[in-house]
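Engineer: Here's a structure for you.
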Amino acid sequence: MRADVLCALTEPMGTTALAHLLGRAPSTVSAHLAVLRDAGLLASRRYGHQVLYERTPLGLAVSQPWP
C-alpha cells in the first residue's frame, strides 16, 4: 500500500484526493503518508487549509521503474 501511495503522487496532492484516487479511507492513507514523510520519501506543505504531499528527490528515485 505504501508503494501505491508513493507512486500515485505524480503531482502534489492532499490526503482526501489521494484516498479517493486509491479507493482507500483517508485515515489509512494519512497513516501511510506520515510513515513515508518520516522516511524522507515525501515532503508536505500547507496550501490554504489543506496539506499537500509530494515526492522528494529520494521518493522520486525509489518510485521509478527499474531499467
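Engineer: Calculated from DSSP H runs of 4 or more alone, at -39500 (n - 2.57) each and per residue, what is the 222 nm mean residue ellipticity of the chain, nearest 500?
Structural biologist: Counting only the DSSP helices, I get -14500 deg cm²/dmol.
Engineer: How many nm separate the modelled label positions at residue 10 and residue 43, each set 7 Å beyond the Cα in the direction of the Cβ?
Structural biologist: Distance between label points: 2.2 nm.
Engineer: Quick one: plug the Kirkwood hydrodynamic radius of the chain (C-alpha pairs) into Stokes-Einstein at 20 °C, 1.002 mPa s, and report D in µm²/s.
Structural biologist: Once the numbers are plugged in, D ends up at 182 µm²/s.
All of the numbers you see were taken from the coordinates with simple rules; none came from a lab. Fair warning: this is a prediction, and the values are worked out from it, not measured in the lab. Cβ coordinates were reconstructed from backbone atoms using ideal geometry, including for glycine residues, and neighbour counts include every protein chain displayed.
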